[in-house]
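The values are calculated or read from the model by the stated rules, or taken from the named source; none is laboratory data. Predicted model only: the values in this text are computed from it and were never measured. Here the Cβ positions follow ideal geometry from the backbone for every residue, glycine too, while neighbour counts run over all protein chains shown. For the accessible areas, the whole protein counts, side chains as well, though only heavy atoms, and no ligand, DNA or RNA atoms are used. Shrake-Rupley method; radii C 1.70, N 1.55, O 1.52, S 1.80 Å.
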Amino acid sequence: MAASRYRRFLRLCEEWPVEDTKRQRDLGAFLRQRVAQAFRDGENTHIADPENCDQMYESLVRIHTNYYKNKYPRLKDTNFTGVTVEDCKMILATDVLQQMEDMKKGMWKKLREKFYAKKPEEDSK
């Protein structure tokens, strides 16, 4: 039975897209890591709680297939701010978030980081 569960999770990982714009924050990449950890021995892995494993798989399938999005369709593809899905994806991209984080820094902090970029070990010498 563990072999069939392993194959189902592998199939789900293959189908799940990886978003390059969300480096180190992507659900698909995280899912691949967790499956690799959970099934270290591949098809020979012993599953301690098969019911929980099956429930987790079914939940992930519902997320992947947009089950609830299809079950409860929205009238508009915007949120309360009026921003579209495409705009939200662009705003949540890792590069844009990094730029916004840099914009939050004050001028003094930017200058200090620029000129004092040496390692603490260099200061003690």
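Neighbours of residue 22, meaning other residues whose beta-carbon lies under 13 angstrom from its beta-carbon, give a summed charge of -1 when Lys and Arg score +1 and Asp and Glu score -1. Count Lys and Arg as plus one, Asp and Glu as minus one, and take only other residues whose Cβ is under 11 Å from that of residue 89; the net charge is then -2.
Each Lys or Arg adds one and each Asp or Glu subtracts one; over the other residues with Cβ under 13 Å from the Cβ of residue 2, this totals 0. The mean sequence separation of alpha-carbon pairs under 8 Å and at least six residues apart, normalised by the residue count of the chain, gives a relative contact order of 25 percent. Compactness of the chain was expressed as the Cα radius of gyration divided by 2.2 N^0.38 Å, which yields 1.58. Around the Cα centre of the chain, unit charges on the Cβ atoms of Lys, Arg, Asp and Glu (plus for the first two, minus for the last two) sum to a dipole of about 440 debye. In a DSSP loop and with at most 11 other Cβ atoms within 10 Å, the chymotrypsin sites (Phe, Trp or Tyr not before Pro) in region 1-110 are 80.
Of the trypsin sites (Lys or Arg not before Pro) found in region 26-77, those in coil by DSSP whose Cβ has at most 15 other Cβ atoms within 10 Å are 40, 74, 76.
For region 1-69, the solvent-accessible area works out to 74 Å² per residue, with a probe of 1.4 Å and every protein chain left in place.
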